[in-house]
Amino acid sequence: MIILQVFVHVKKERVGDFKKATTENARNSIKEPGVARFDVIQQQDDPTRFVLVEVYRKPEDPAKHKETDHYKKWVSEVADMLSEPRTRNQFINIYPNDEEWG
């Protein structure tokens, strides 16, 4: 499994628009065969900050995700909503391992 955490800081006046666009992207992303999980979380003490937690089954799946129409639409839609560029960290899972995920 490949786990990405994408950190997003949104303009205060665009939080609602960002949530709508990102929820649509997440709903479509979870339908991809290579996506095991796609969570959108909002920081409790600063509602302009979000983390997307994306869990992919294989190392090549994040690149496949970026080729989808819904991802390209999301990138275009949210570009002017951001206060600063997105950042991300990439992880691999230690536990549970792939056999335990099924």
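The values are calculated or read from the model by the stated rules, or taken from the named source; none is laboratory data. Computed from a predicted structure; not experimentally measured. Positions of Cβ are backbone-derived with ideal geometry, glycine not excepted, and every protein chain shown enters the neighbour counts.
Here are a few things to note about the model shown:
- The set of residues from the stretch 32-68 being under 19 Å from Thr87 (Cα atoms), touching a Ser or Thr at 6+ places or on another chain (Cβ under 8 Å) and either in a loop (DSSP other than H, G, I, E, B) or of a type in the set (Asp, Glu) (or both) comprises Thr48, Glu54.
- Annotation note: Cβ proximity below 6 Å between a residue of the stretch 32-43 that is more than 16 Å from Asp69 (Cβ to Cβ) and among the acidic types (Asp, Glu) and a residue that is at pLDDT below 95 and exposed (fewer than 12 other Cβ atoms within 10 Å of the Cβ) (sequence gap 6+ or interchain) occurs for no pair.
- Scanning the stretch 24-75 for residues that are among the basic types (Lys, Arg) and either closer than 23 Å to Pro96 by Cα or buried (at least 16 other Cβ atoms within 10 Å of the Cβ) (or both) yields Lys31, Arg37, Arg49, Arg57, Lys58.
- Single residue of the stretch 69-96 satisfying the filter (part of a loop (DSSP other than H, G, I, E, B) and over 15 Å from the mean Cα position of the chain (by Cα)) that is nearest to Val35 (Cα to Cα): Asn93
- For beta carbons closer than 6 Å, sequence separation of 6+ or different chains, a first residue in the stretch 85-102 that is modelled with pLDDT of 90 or more and a second that is not hydroxyl-bearing (Ser, Thr, Tyr), the qualifying pairs are Arg86/Val6; Arg86/Val8; Thr87/Phe7; Arg88/Leu4; Arg88/Val6; Asn89/Gln5; Gln90/Leu4; Phe91/Ile3.
- Each residue in the stretch 32-45 was checked for being of a type outside the set (A, V, I, L, M) and touching a helix residue (DSSP H, G or I) at 6+ places or on another chain (Cβ under 9 Å), and 6 pass.
- Contact map, the stretch 45-67: residues that are within 21 Å of Asn93 (Cβ to Cβ) paired with residues that are among the β-branched types (Val, Ile, Thr) and exposed (fewer than 13 other Cβ atoms within 10 Å of the Cβ), Cβ distance under 6 Å, separation 6+ or inter-chain. Pairs shown: Val51/Ile41.
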